[in-house]
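Right, one structure below, let's go through it.
Computed from the coordinates by the stated procedures, all read-outs in this text should not be read as laboratory data. For clarity, every value in this text was computed on a predicted model and none was experimentally measured. Note that each Cβ is placed from the backbone with ideal geometry, even for glycine, and that neighbours are counted across all protein chains shown.
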Amino acid sequence: MRNFTEQSITDAALGRITSECDPRLREVMTSFIRHLHEFVRETRITPEEWFKGIAFLTECGTFCDDKRQEFILLSDTLGVSMLVDAIANPSAPGVTESTVLGPFFRENPPIIANGGDLAPGIAGKRVDIDCRVTSEDGAPIAGAQIDCWQSSPDGFYDSQMGDGSAHNLRGRLTSAKDGRFWFNTTLPAAYPVPHDGPVGALLRAMGRHPMRPGHLHFWVQAPGHRQVITHLFVKGDPYLESDAVFGVKDSLVADFGSQDGPRTKVHYDFRLKKAA
Ligand SMILES: [Fe+2]
């Protein structure tokens, strides 16, 4: 086949996928090619615009290293990460809801004992975090693994500080016999997603702000249960209605107490669904 037209080229591209292709890859690529071709036809993309798009993706790639992930940022700010999460982790009654992982999770965080400090040496209002991990029926789960990470009060994660090698404002805890885990840290503040790269330029071009409401990240895992990757958002934060990555759910907004005074506290129960 040759002499393709604006319409016939889609079937031609789909027809090049052979029987050697994995069935799921065939399904995904067939849909992707169809939608991508339809997008080009619908918007009447010009060659200049197409090359601009390719240059944008190329720049996203050059911004990535082991501490900066521009493609996750792109996925998050376009709402795709939350869409994928909504399909994978539909809300269920009595189970803690999930939200985006975000680009700042790091492997091998410091081990923090219950009662420990997640943010040693970081100035700012302190908050005592007192949480519990339970099964969906309310039974406490001992020995759950909880990874927690957050930004500093001025809006930076550890990977954005200094040379980015130090681990701070993050840690791994284990729930006690009664399912509790507790630590102290600095009160998280609203912060902008990294906006000095191509994704930031795109947000500005679309007239959007890069802000996320203050939050702590949690990744809770326990044997016999489905893991949950989620946040606790600070009630009253002005950006709860316009989170740049669409991650806010009402059930994840927690009362961190009075904003006055040097110290505050929050309590939250993480309820995990039993594994099927
Ligand atoms: Fe975050």
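Summary table below
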| item | result |
| --- | --- |
| Förster radius 51 Å - calculated FRET efficiency between F56 and R180, Cβ distance, rounded to 0.05 | 0.65 |
| Most mobile listed residue (E38, E27, E70) in the chain, GNM with C-alpha springs under 10 Å | E27 |
| Gap separating the Cα centres of the stretch 1-77 and the stretch 193-219, nearest whole Å | 24 |
| Amide N of the stretch 190-230 lying under 19 Å from the label point, which is placed 7 angstrom from the Cα of A123 along Cα→Cβ | 190 |
| Sequence-distant residues sharing a close amide H with H225 (under 5 Å, placed H) | A275 |
| Cα gyration tensor shape of the stretch 227-276, rounded if a/c is under 1.5, else prolate or oblate by comparing a/b with b/c | oblate |
| Ordering of 260-272, 213-225 by packing [mean C-beta count within 10 Å, highest first] | 213-225, 260-272 |
| Lys/Arg +1, Asp/Glu -1 at C-beta; the chain dipole; positive extreme among P110, L187, P47 | P110 |
| Among R41, R24, R204: highest mean-square fluctuation, GNM of the chain, C-alpha pairs under 10 Å | R24 |
| Top of Q227, Q259, Q69 by mean-square fluctuation, Gaussian network on the chain, Cα under 10 Å | Q259 |
| Added length on full extension, which subtracts the Cα-Cα distance from 0.36 nm per residue, T18 to S242 | 76.2 nm |
| Rg/Rh (Cα only; Kirkwood hydrodynamic radius) as it applies to the stretch 99-142 | 1.02 |
| Zero-based 5 Å bins, Cα pair distances in the chain, whole percents | 1, 5, 10, 14, 15, 14, 12, 9, 7, 5, 4, 2, 1, 0, 0 |
| Environment charge of A12, counting only residues whose C-beta is closer than 13 Å and scoring Lys/Arg +1, Asp/Glu -1 | +1 |
| Rounded to the nearest 20 debye, dipole of the stretch 125-276 from Cβ charges on Lys, Arg, Asp, Glu | 300 |
| Cβ charges +1 (Lys, Arg) and -1 (Asp, Glu), total dipole of the chain, debye | 380 |
| Net lengthening on full extension, Q145/R44 (0.36 nm per residue, minus Cα-Cα) | 31.3 nm |
| The stretch 34-173: equivalent-ellipsoid semi-axes (sqrt of 5 x gyration tensor eigenvalues, Cα, Å) | 37, 24, 11 |
| Of all DSSP beta bridges in the chain, antiparallel share, percent nearest 5 | 65 |
